[in-house]
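The values are calculated or read from the model by the stated rules, or taken from the named source; none is laboratory data. Fair warning: this is a prediction, and the values are worked out from it, not measured in the lab. Using ideal geometry, Cβ is built from the backbone for each residue, glycine included, and neighbour counts are taken over all protein chains shown.
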Amino acid sequence: MGVDGCGQMCKCILILFSALFAIVGFAMVGLGLGLRLSSGTRGLFNIDLETQEFLIFVVVLLVLGTLMLIVAICGFHGACSENISSLAIFSVLLGIMAGVEIGIGVLVFMRSEEVSQRLANLYASLYAQYVNKQDPSLGATLKIIHEAFDCCGVGGGVLELFVRDTCPNKGFLKTITRSSCPSVILNLFQDKAPLIMGFFLATAAMMFTALVCSSILSKAIKQSRHAFPVTYSAPLMF
């Protein structure tokens, strides 16, 4: 017999949470594979120094995206089939990810200058490679960054000539006054480090909420099975 009450509510929450993780995971893995396998970026993986940030970025995308997909699969299976083992794996992996989120938030806060410089270097590497290669995967990555930081290339809205097609299009006045991405990234992570740390901590809090729901659902499943035990009927012998 299925769970009801609070257990049923937690079941719905876990399904929605797993769906969100699956969407984000697919997007990250798809973008990472596109950058890794694209003919325009494949040669970057043979260089150790000039593209270090780019390599780290792609590896993080693939690893984190794959982990999110595993978490989503375990969450779906555990919630939909009321499987305690899948819920246990889901909880362990989610706890690890929540811990990583907290660690990243603290790292950004304590070493904001170094983090911002590395991200600016990553953007400069992506920008240069896109200008040289005009690779669609790099263009999609730049477009995501431009939308997220509301910036445009290395020259800003007025001086940028090479990647304007990947910049947000929000009207003429907004376009010409948009800042360059390296300066936006540097200022954002140095001036708003506490806010960014708060974002990571809030994300970790959401994950801990899902952990609590997983624990409540597991307990409800156990209680349901104890209240309505599955009986085994031996086959009739003729």
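Checking the structure you have, find out if any residue of segment 118-135 is touching a helix residue (DSSP H, G or I) at 6+ places or on another chain (Cβ under 7 Å), in a loop (DSSP other than H, G, I, E, B) and among the polar types (S, T, N, Q).
Checking segment 118-135: not a single residue is touching a helix residue (DSSP H, G or I) at 6+ places or on another chain (Cβ under 7 Å), in a loop (DSSP other than H, G, I, E, B) and among the polar types (S, T, N, Q).
Taking residue 18 as meeting all but one of (1) buried (at least 18 other Cβ atoms within 10 Å of the Cβ); (2) at pLDDT below 90; (3) touching a Phe, Trp or Tyr at 6+ places or on another chain (Cβ under 8 Å); (4) closer than 28 Å to residue 216 by Cα, write down the number of the exception.
Status for residue 18: all satisfied but (2).
From the list 137, 233, 218, which residue is modelled with pLDDT of 85 or more and not hydrophobic (A, V, I, L, M, F, W, C)?
After applying the criteria, what remains is 218.
Could you check segment 144-161 and list, in sequence order, the residues that are touching a residue at least 24 places away in the same chain (Cβ under 8 Å) and either in a loop (DSSP other than H, G, I, E, B) or among the charged types (D, E, K, R) (or both)?
If the condition is that a residue be touching a residue at least 24 places away in the same chain (Cβ under 8 Å) and either in a loop (DSSP other than H, G, I, E, B) or among the charged types (D, E, K, R) (or both), then 150, 151, 152, 153, 154, 155 are the ones that fit.
Since residue 89 meets every condition but one in (1) farther than 28 Å from residue 194 by Cβ; (2) out of contact with any helix residue (DSSP H, G or I) (no Cβ under 7 Å at 6 or more places or on another chain), which condition does it not meet?
(2)
Within segment 151-163, does at least one residue satisfy the condition of being of a type in the set (Val, Ile, Thr), within 27 Å of residue 209 (Cβ to Cβ) and out of contact with any Phe, Trp or Tyr (no Cβ under 7 Å at 6 or more places or on another chain)?
Among the residues of segment 151-163, not one is of a type in the set (Val, Ile, Thr), within 27 Å of residue 209 (Cβ to Cβ) and out of contact with any Phe, Trp or Tyr (no Cβ under 7 Å at 6 or more places or on another chain), which makes the answer no.
Return yes or no: is residue 202 surrounded by fewer than 14 Cβ atoms within 10 Å (Cβ to Cβ) and small (Gly, Ala, Ser)?
Yes, satisfied.
Take segment 155-176 and flag every residue that is buried (at least 19 other Cβ atoms within 10 Å of the Cβ) and modelled with pLDDT of 80 or more.
156, 163, 166, 167
Looking at segment 119-135, is at least one residue buried (at least 17 other Cβ atoms within 10 Å of the Cβ) and free of Cβ contacts under 8 Å to residues at least 40 places away in the same chain?
Taking every residue of segment 119-135 in turn, at least one turns out to be buried (at least 17 other Cβ atoms within 10 Å of the Cβ) and free of Cβ contacts under 8 Å to residues at least 40 places away in the same chain.
Would you mind telling me which numbered condition in (1) at pLDDT 90 or above; (2) more than 17 Å from the chain's Cα centre (by Cα); (3) buried (at least 17 other Cβ atoms within 10 Å of the Cβ) residue 51 fails?
All conditions are met except number (1).
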